[in-house]
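Note sheet for the following structure.
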Amino acid sequence: MILSRRILLKTALASTAVASPFVTRAWAQAPEFTYKFANNAPATHPINVRAQEASQKILAETNGRFELKVFPNNQLGGDQDVLGQLRSGAVEFFVLSPLILSTLIPSASISGVGFAFADYPAVWRAMDGELGAYVRAQIAKSGLIAMDKIWDNGFRQITTSNRPINTPADLGNFKMRVLASAISTSMFKALGASPTTISFAETYSALQTKVTDGQENPLALISTAKLYEVQKYCSLTSHMWDGYWFLGNRRAWERLPADVKDIVAKNINAAGLAERADTEALNSSLQGDLTAKGLVFNKPDQAPFRDQLRKAGFYDEWKRKFGDEAWGLLNKASAGGLD
């Protein structure tokens, strides 16, 4: 994901400003631990700006004992490839969407249930609370660890080429590109659409040639991928929230002394909180920029969409798949709106 020009400049300068004091500093000896952190975002994305800041603080606070090397922009491979490297220990840290992590840990995608969260406060109550603790426990069973604070990607919105989406009826037989995620496909089928999974690299051309008439993503990605060039409408459905678990290889984590673990975890979690604020601000600021580029916005009422999912059996299906315990925690965070 690439940011708008203004945010790019701001974050690049911030990253450079923070990094410069450490560039020339020489430690008495090589780091005792050098761990790799991989992700798919550009170097100037808030994920990497905040990770670089955390890396520098960790190096200083451990007196040069621990170095976190940041590898942005798929430098070490795509998501599934790096997930394999993380599991083997070839990469020590990685951030990954719960929707993609669900290919390994099915319960991880519970945070992506359609219309589960009304706003960011609801998201953080759940993910910093009991629901997040539940998912982290499931992640731990797979030989990975997850930091306490999940990072943010944003609420997903729908763009279309031929009509705004105001009600579920507008999605009837609508050709739509979705994530390669079972819960995403299931949700849009329940809403009456005709979802198809297309790699994001091919999404622009698929929209341009009318292979598909619409797609869904956070505003930052809609902007930076220039989807406004091949889409006319953006419906602010906020139908699904997406984030990034900050994952670690358990064996690598357990090799660290307790004091180093504390410093690493403290700084990574603090960076996650800062990245949340950055991403929320970025997604909030882009509507004006995209309007100026010709994208027409509307904000539908979510209630009819949630009712349609309920009538279609979507919530009942995923309640069975996730189980009563996980579903109860999600429904609690959603103020009982899913039953």
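Values computed for the structure shown
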read-out: 1.4 Å probe accessible area per residue over the stretch 262-332, in Å²; value: 49 Å²
read-out: Paramagnetic label zone (point 7 Å from Cα along Cα-to-C-beta, residue 80; backbone N under 16 Å) in the stretch 196-237; value: 197-202
read-out: Linear extension gain, residue 316 paired with residue 204, 0.36 nm per residue minus alpha-carbon span; value: 36.9 nm
read-out: Computed P(r) (all Cα pairs; the chain; 20 Å bins; percent); value: 31, 57, 12, 0
read-out: Mean residue ellipticity (222 nm) of the chain, computed from DSSP H runs ≥ 4 via -39,500 (n - 2.57), nearest 500; value: -14000 deg cm²/dmol
read-out: Nearest-20 debye value, the stretch 212-339 charge dipole, Cβ charges on Lys, Arg, Asp, Glu; value: 180 debye
read-out: Set 149/319; 36/261; 189/332; 69/226; 226/293; 175/293 screened for pairs whose C-alpha atoms are more than 20 Å apart; value: 149/319; 189/332; 69/226; 175/293
read-out: For the stretch 50-101, convex hull of alpha carbons as volume per residue, Å³; value: 90 Å³
read-out: Extent along principal axes [Cα atoms of the stretch 198-264; Å; largest to smallest]; value: 55, 23, 18
read-out: Solution diffusion estimate, µm²/s, Stokes-Einstein, the stretch 198-331, Kirkwood Rh from C-alpha pairs, 37 °C, viscosity 0.692 mPa s; value: 176 µm²/s
read-out: Share, in percent, of DSSP beta bridges within the chain that are antiparallel, nearest 5; value: 55 percent
read-out: Charge dipole (debye, nearest 20) of the chain; +1 at Cβ of Lys and Arg, -1 at Cβ of Asp and Glu; value: 380 debye
read-out: DSSP-assigned coil residues among trypsin sites (Lys or Arg not before Pro) in the stretch 133-163, each with at most 11 further Cβ atoms within 10 Å; value: 141
read-out: Angle between the chain longest axis and helix 46-61 axis [Cα atoms, degrees, rounded to 10]; value: 20 degrees
read-out: Difference of contour (0.36 nm per residue) and Cα-Cα distance, residue 167 to residue 303; value: 48.0 nm
read-out: Per residue accessible area of the stretch 45-182, 1.4 Å probe, in Å²; value: 33 Å²
read-out: Selection from 212, 283, 268 lying farthest towards where the dipole of the stretch 187-339 points positive, charges on Cβ; value: 212
read-out: Cα-Cα P(r), the stretch 43-167, percent of pairs per 5 Å interval; value: 2, 9, 15, 19, 18, 17, 10, 5, 3, 1, 1, 0
read-out: Two-decimal Rg/Rh across the stretch 118-192, once Rg and the Kirkwood Rh are taken from alpha-carbon atoms; value: 1.08
read-out: Positive-end residue of 181, 105, 74, charge dipole of the stretch 74-205 with Cβ unit charges; value: 181
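The values are calculated or read from the model by the stated rules, or taken from the named source; none is laboratory data. Everything numeric in this text was worked out from a predicted model, so none of it was measured. Neighbour counts run over all protein chains shown; Cβ positions are idealised from the backbone, glycine included. Areas reflect the complete protein model, heavy atoms only, side chains present, ligands, DNA and RNA absent. Shrake-Rupley method; radii C 1.70, N 1.55, O 1.52, S 1.80 Å.
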